[in-house]
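S.K.: Handing you this structure, nothing more for now.
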Amino acid sequence: MKTLLCLTVLSASLAVCHGACFLVNNKVQIKEGELVFPQACLDPLDKSEHPVGATWNSRHCLRCTCEGMTMSCCTRYGGVVKAPEGCEATIDEERCEYKFHKKNDPFAPCTPF
């Protein structure tokens, strides 16, 4: 029991360090008195279907895994960043990474740290 608790805490810590993650519970159905488990997961943003066991990168910078009863997704661009003074960070959805630009001019790049 202690091992399970330690692994849960470690997993949560890693998720926080590497960015935001979320978990979606898939619906189990009852048909003719039998439990029917999901055979696929539905991407929450683009609604594409993925089979159990699949891992994919979405075009919204998420890495998702279909685990049958659940689907987990985490951002691919890491955790929270602090922009240099006078700059702000936005997410480049093509490269799934942060871009830094001047606060008053989104076309003027900043050099991160």
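The values are calculated or read from the model by the stated rules, or taken from the named source; none is laboratory data. Since we're looking at a predicted model, the values are computed, not measured. Virtual Cβ from ideal backbone geometry, glycine too; neighbours counted across all protein chains shown. Quick note on the areas: whole protein, heavy atoms, side chains included, nothing else; ligands and nucleic acids left out. Shrake-Rupley method; radii C 1.70, N 1.55, O 1.52, S 1.80 Å.
S.K.: Give me the lysines in straight-line cross-link reach of residue 82: C-alpha distance below 29 Å, same-chain residues under 8 apart excluded.
M.R.: Residue 82 reaches 99, 102, 103.
S.K.: To continue, here is another question. As a test of reading the structure, rank 85, 97, 67 by solvent-accessible area (1.4 Å probe, protein chains only), most first.
M.R.: From most accessible down to least: 85, 67, 97.
S.K.: Under a point spin-label approximation (7 Å from Cα along Cα-to-Cβ), what is the residue 103-residue 91 distance to one decimal in nm?
M.R.: A separation of 2.3 nm, rounded to one decimal place.
S.K.: Moving on. Length gain on complete extension for the stretch residue 48 to residue 22, per 0.36 nm per residue less the alpha carbon to alpha carbon distance?
M.R.: So the chain would gain 7.6 nm between residue 48 and residue 22.
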